[in-house]
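J.: Supplied in structure tokens, the structure appears directly below.
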Amino acid sequence: MSDDDERGEEYLFKIVIIGDSAVGKSNLLTRYARNEFNPNSKATIGVEFQTQSMVIDGKEVKAQIWDTAGQERFRAVTSAYYRGAVGALVVYDITRSSTFENVGRWLDELNTHSDTTVAKMLIGNKCDLESIRAVSVEEGKSLAESEGLFFMETSALDSTNVKTAFEMVIREIYSNMSRKQLNSDSYKEELSSNRVSLVKNDNEGTKTFSCCSR
Amino acid sequence: MERVLRRIQRGGIHPSIKGEVWEFLLGGYDPDSTFEERNILRNHRREQYYAWKEECRQMVPLIGSGKFVTMAVVAEDGQPLEESSVENQGWLVKTAITDKRLLQWMLVLSQIGLDVVRTDRYLSFYENESNQARLWDILSIYTWLNPDIGYVQGMNDICSPMIILLEDEADAFWCFERAMRRLRENFRTTATSMGVQTQLGMLSQVIKTVDPRLHQHLEDLDGGEYLFAIRMLMVLFRREFSFLDALYLWELMWAMEYNPNLFASYEKPENRGNFSEQDPRLLKKYGKFERKYVKSGQNEQHNTLAVFVVASVLETKNKRLLKEAKGLDDVVQILGDIAGNLDARKACKEALKIHEKFLKKANRQ
């Protein structure tokens, strides 16, 4: 179906998951990447990551998703990994309003350390815990609107919206890239100046949007 | 003590006396002390701990109650928060907290709680809520007493085994406190740095010296800072090894790093300078790793064995790292594969070899 030009074409997007401690970042990621949920999961020390691929327009798009420690004390180290991220998921826990109140701080943090994110999504996780909800859907929605973020409530435990959320971010990055690609040649320069390289590898015809693999 | 060190290197000590041996290894007791002397000291320490606990309980009645919080009890401006009312039966902060140290402490109590509920939960020991509460108590009290370090995630992984091994909560606290004497600098953080980066710097130096090719490769991948090794150093390989293997690794490392003057240097820090006399007969009393430093007359701050254990782990993956790692993500992936596949004794043995090689090369330069 895909013609010769497109065969083997591959996109690599770097995405970060940030947000307060114990909001479920690691479990969101393992639910998406491995369809697993670990009720005994431990606090993330530093950063961890997983990759997951999906197909858009017949092209393989690989997301390299970095999962970070939530405690503020780790920010000196975790923020180093924001560099070159083109997507971000900012997660809070719908049962703890303090995690929602801190969303603004995470956004600031993201903006300070990365100017390459084209798709950001606000995620209210643990929506299976309706009975002890502390943040309403409307509150989440309106914050997302005012900050220009996508919004979704998810449950890593019962899988609600997890795949949808990640794929929405990945699609947005993809369409953003293709649009810009079509629109301007100067975009390539812009990208490389942002440390996001758009490299055409002659041997494999691989296109990469990423900072982490050079 | 020498016999104990040898026994550890041959295969570890029986779980029933592990806790007590650790107290010695970590410098909690003088190796030459009598049973009676130790008893006096132990009782004194227990009294001290329970006095501190009472001090903390006065401020936060949940301490010692068998319950704990995972929800914030105060806002960052010191105002009481209702959020926690769901879980802590009856107790709430009523008036705004103005004291800075107290506020800092209260802010972190829920963080400790959030980590306690996910510390080694696959162990039946922690199915019991009162054991979780003991972990919370000890970490909270330690945090109150050490405001310069505070609480940083990962300290729970260090503390958890102590509580399992030592029945008395005060003994577990002191064992943790001694372990933290070695590790605490890793947990000292500022807005722009983490203490563990000092050890990462040492690691970088070690790899650069013993395996310049690997170092160059990592540097080319933008990994010259070795940030990917943070977890190994901060929680001392708790995530790379199973629970029991990690305990064995710790005691091997501490046995190799053993210094008979540790106790005295902790108890009477003003005498620290007096331990440098080199009596060859005493050398046997040191652990294998520490002995090399004593022999060479370097009694100052030096690299910890943990750095060399990480180096040995990197070396076991040397070929794959050089060949397959095209980005930092690959490095993380390749190192991720080691989880559960490491042998504690082999890793330590290799670490000692790398240490030797490092000292030789470093001296030549």
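The values are calculated or read from the model by the stated rules, or taken from the named source; none is laboratory data. Quick caveat, the model's predicted, so the values are computed rather than measured. Here Cβ is always computed from backbone atoms with ideal geometry, including for glycine, and neighbour counts include all displayed protein chains.
J.: Among (1) over 17 Å from the mean Cα position of the chain (by Cα); (2) surrounded by 19 or more Cβ atoms within 10 Å (Cβ to Cβ), where does residue B:123 come up short?
T.: Exception for residue B:123: condition (2).
J.: Being in contact (Cβ under 8 Å) with a residue 12 or more places away in the chain, at the interface with chain B (Cβ under 9 Å from one of its Cβ atoms) and closer than 20 Å to residue A:14 by Cβ is the requirement here; does residue A:106 meet it? Steps first, answer last, please.
T.: Numbers: in contact (Cβ under 8 Å) with a residue 12 or more places away in the chain: yes; at the interface with chain B (Cβ under 9 Å from one of its Cβ atoms): no; closer than 20 Å to residue A:14 by Cβ: yes.
Criteria not met by residue A:106.
J.: Quick check on my filter: what residues within the stretch B:46-77 are of a type in the set (S, T, N, Q) and under 27 Å from residue B:28 (Cα atoms)? Please lay out each step first, then the result.
T.: Keep residues of the stretch B:46-77 that are of a type in the set (S, T, N, Q), which gives B:48, B:58, B:65, B:70.
Hit for the stretch B:46-77 is B:48, nothing else.
J.: Considering only residues that are within 14 Å of chain A (Cβ to nearest Cβ) and among the aliphatic types (A, V, I, L, M), which ones fall in the stretch B:57-73?
T.: B:69, B:71, B:72, B:73
J.: Could you tell me whether residue B:69 is in a helix (DSSP H, G or I), surrounded by 15 or more Cβ atoms within 10 Å (Cβ to Cβ), of a type in the set (Val, Ile, Thr) and within 25 Å of the chain's Cα centre (by Cα)? Explain how you work it out, then say what you get.
T.: Values: in a helix (DSSP H, G or I): no; surrounded by 15 or more Cβ atoms within 10 Å (Cβ to Cβ): yes; of a type in the set (Val, Ile, Thr): yes; within 25 Å of the chain's Cα centre (by Cα): yes.
So residue B:69 does not fit the description; no.
J.: So, one more: Scan the stretch B:215-244 and report the pairs whose first residue is part of a loop (DSSP other than H, G, I, E, B) and whose second residue is of a type in the set (S, T, N, Q) and surrounded by fewer than 23 Cβ atoms within 10 Å (Cβ to Cβ), with Cβ atoms within less than 7 Å and a gap of 6+ or a chain change.
T.: B:224/B:204; B:226/B:204
Condition check ((1) surrounded by fewer than 21 Cβ atoms within 10 Å (Cβ to Cβ); (2) polar (S, T, N, Q); (3) in contact with a Lys or Arg (Cβ under 7 Å, 6 or more places away or on another chain)) across all residues:
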| residue | (1), (2), (3) |
| --- | --- |
| B:62 | no, no, no |
| B:96 | yes, no, no |
| B:117 | yes, no, no |
| B:127 | yes, no, no |
| B:132 | no, yes, no |
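J.: Taking the options B:204, B:276, B:265, name whichever one is modelled with pLDDT of 95 or more, over 18 Å from residue B:8 (Cβ atoms) and of a type in the set (Ser, Thr, Tyr). Walk me through how you get there before you give the answer.
T.: On the way: B:276 fails: modelled with pLDDT of 95 or more; B:265 fails: modelled with pLDDT of 95 or more.
Testing whether each residue is modelled with pLDDT of 95 or more, over 18 Å from residue B:8 (Cβ atoms) and of a type in the set (Ser, Thr, Tyr) leaves just B:204.
J.: Residue by residue through the stretch A:6-60, note down the ones that are away from every other protein chain (no Cβ under 14 Å) and charged (D, E, K, R). Working first, answer last.
T.: Here is the first cut: in the stretch A:6-60, the residues away from every other protein chain (no Cβ under 14 Å) are A:6-9, A:11, A:17-18, A:28, A:31-32, A:35-36, A:54-60.
Matches in the stretch A:6-60: A:6, A:7, A:9, A:31, A:36, A:57, A:59, A:60.
J.: Can I ask one more? Go through (1) touching a helix residue (DSSP H, G or I) at 6+ places or on another chain (Cβ under 7 Å); (2) in contact (Cβ under 8 Å) with a residue 12 or more places away in the chain; (3) within 14 Å of another protein chain (Cβ to nearest Cβ) and name the single condition residue B:193 misses.
T.: So the condition that residue B:193 fails would be (2).
J.: Is one or more of the residues making up the stretch B:150-172 crowded, with 21+ Cβ neighbours inside 10 Å, of a type in the set (D, E, K, R), touching a residue at least 40 places away in the same chain (Cβ under 8 Å) and within 13 Å of another protein chain (Cβ to nearest Cβ)?
T.: Yes, the stretch B:150-172 contains a residue that is crowded, with 21+ Cβ neighbours inside 10 Å, of a type in the set (D, E, K, R), touching a residue at least 40 places away in the same chain (Cβ under 8 Å) and within 13 Å of another protein chain (Cβ to nearest Cβ).
J.: Take residues that are closer than 30 Å to residue B:126 by Cα and tell me which of the helices (runs of 4 or more DSSP H) falling wholly in the stretch A:25-123 contain 1 or more.
T.: On the way: elements: A:25-34, A:75-78, A:97-101, A:103-113.
Once the helices (runs of 4 or more DSSP H) in the stretch A:25-123 are filtered for at least 1 residues that are closer than 30 Å to residue B:126 by Cα, what remains is A:25-34, A:75-78, A:97-101.
J.: May I pose another question? Which one is farthest from the other protein chains (Cβ to nearest Cβ) among residues in the stretch B:300-332 that are without any contact (Cβ under 8 Å) to a residue 40 or more places away in the chain and within 27 Å of residue B:261 (Cα to Cα)?
T.: B:300
J.: I'd like the full set of residues that are touching an Asp or Glu at 6+ places or on another chain (Cβ under 8 Å) and within 22 Å of residue B:304 (Cα to Cα), limited to the stretch B:320-338.
T.: Passing the criteria: only B:338.
J.: What residue, of B:70, B:98, is at pLDDT below 95, of a type in the set (Ser, Thr, Tyr) and farther than 21 Å from residue B:132 by Cα? Give the derivation first.
T.: Details: B:70 fails: farther than 21 Å from residue B:132 by Cα.
Exactly one residue qualifies, and that residue is B:98.
J.: Then there's this: Checking the conditions here, which among A:97, A:79 is at pLDDT below 95 and either touching a Phe, Trp or Tyr at 6+ places or on another chain (Cβ under 8 Å) or at the interface with chain B (Cβ under 9 Å from one of its Cβ atoms) (or both)? Give the derivation first.
T.: Working: A:79 fails: either touching a Phe, Trp or Tyr at 6+ places or on another chain (Cβ under 8 Å) or at the interface with chain B (Cβ under 9 Å from one of its Cβ atoms) (or both).
Every option except A:97 fails the conditions.
J.: Residue B:50 is checked against (1) within 14 Å of another protein chain (Cβ to nearest Cβ); (2) in a helix (DSSP H, G or I); (3) aromatic (Phe, Trp, Tyr) and fails just one. What number does that condition carry?
T.: (1)
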